[in-house]
Amino acid sequence: MPDTALFPRPRWRAFRHPSGWLLAVQLLSLLLYAQLGDVDTQDRRVLFSAIALVVVPLAVWVVRRSPSVNWIAWLLAAPAIALSVSAIAFDRPDLVVWSSLLESALYFYAAGSLISYMLHDHVVTTDELYASGATFTLVAWAFAYAYLVCQSWYPGSFTGAVDPERPRVWLELLFLSVSTLSGVGNGDIVPMLPQARVLVMLEQMAGVGYIAIVVSRVIGLSIVRRRE
């Protein structure tokens, strides 16, 4: 038999970086949303829920790789998946609101776990580089779900340049979330009610804190490692 020290067994290296898979799936979902066009509301809900069924378990997988309590993630993910399936099967759009609330909590929890995972030592690994990108998308998705819940509970929370009186669709709220978190602030989707403005301000502070604490730390440690 060959010596395993000289001939190590091949591994699926991709599965060693669940943060990379999560980041890839969420970026791919953006391309899928872009292909929706002017489809009806039912199709939007089906695709929205189908993507959630993929992304939510990936978020739980990411939490499991970090030093966090995994059962909390599953406690949030399981009913979120069940509510998404029920919303499609029974044509109950009101269930999407509660599913979105749970998914928002799950993404915030997963993002916090990834931040803890990145800050637990002073070495920047490949997985932590993927985790820094995945954390950004998790926070952006979490606030987008929070915006969706806010709009459902407080109608008129957001307005936009196109059809200002109608509720904002999911992609518009995600666009607002990414713009706010990144500090771009394009401004074509605007919070109107106090509840919505508070959420936007919280995301602005989260974006500044993420860049100041996480991104700057990853860049600094990468520079130190290269010099060494």
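The values are calculated or read from the model by the stated rules, or taken from the named source; none is laboratory data. Everything numeric here is computed off the predicted structure, so don't read it as measured data. Glycine gets a Cβ as well: all are built from the backbone with ideal geometry, and neighbour counts include every protein chain shown.
For the range 141-176, filtering for residues that are in a helix (DSSP H, G or I), crowded, with 19+ Cβ neighbours inside 10 Å and small (G, A, S) leaves 3. All conditions in (1) at pLDDT 70 or above; (2) of a type in the set (D, E); (3) assigned to a helix (DSSP H, G or I) hold for D91, with the sole exception of (3).
Quick grid of which residues meet (1) at pLDDT 90 or above; (2) hydroxyl-bearing (S, T, Y):
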| position | (1), (2) |
| --- | --- |
| Q151 | yes, no |
| S179 | yes, yes |
| N186 | no, no |
| I211 | no, no |
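Here is a check on your reading of the model: is Y130 within 12 Å of the chain's Cα centre (by Cα) and part of a helix (DSSP H, G or I)? Here the answer is no, as Y130 does not meet what is asked. Listed by first and then second residue, the pairs with beta-carbon distance under 6 Å, at least 6 apart or on different chains, first residue in the range 140-164 and within 24 Å of A110 (Cβ to Cβ) and among the hydrophobic types (A, V, I, L, M, F, W, C), second in a loop (DSSP other than H, G, I, E, B) and at pLDDT 90 or above, are C150/S157.
Return the total of residues in the range 125-140 being aliphatic (A, V, I, L, M) and either in contact with a Cys (Cβ under 8 Å, 6 or more places away or on another chain) or surrounded by fewer than 23 Cβ atoms within 10 Å (Cβ to Cβ) (or both).
Of the residues in the range 125-140, the ones aliphatic (A, V, I, L, M) are 129, 131, 134, 138-140.
Still in the running and either in contact with a Cys (Cβ under 8 Å, 6 or more places away or on another chain) or surrounded by fewer than 23 Cβ atoms within 10 Å (Cβ to Cβ) (or both): 129.
Number satisfying all stated conditions: 1.
If we keep just the residues of the range 94-125 that are touching a residue at least 24 places away in the same chain (Cβ under 8 Å) and in a loop (DSSP other than H, G, I, E, B), which is farthest from L58 (Cα to Cα)? Among them, the one singled out is H122.
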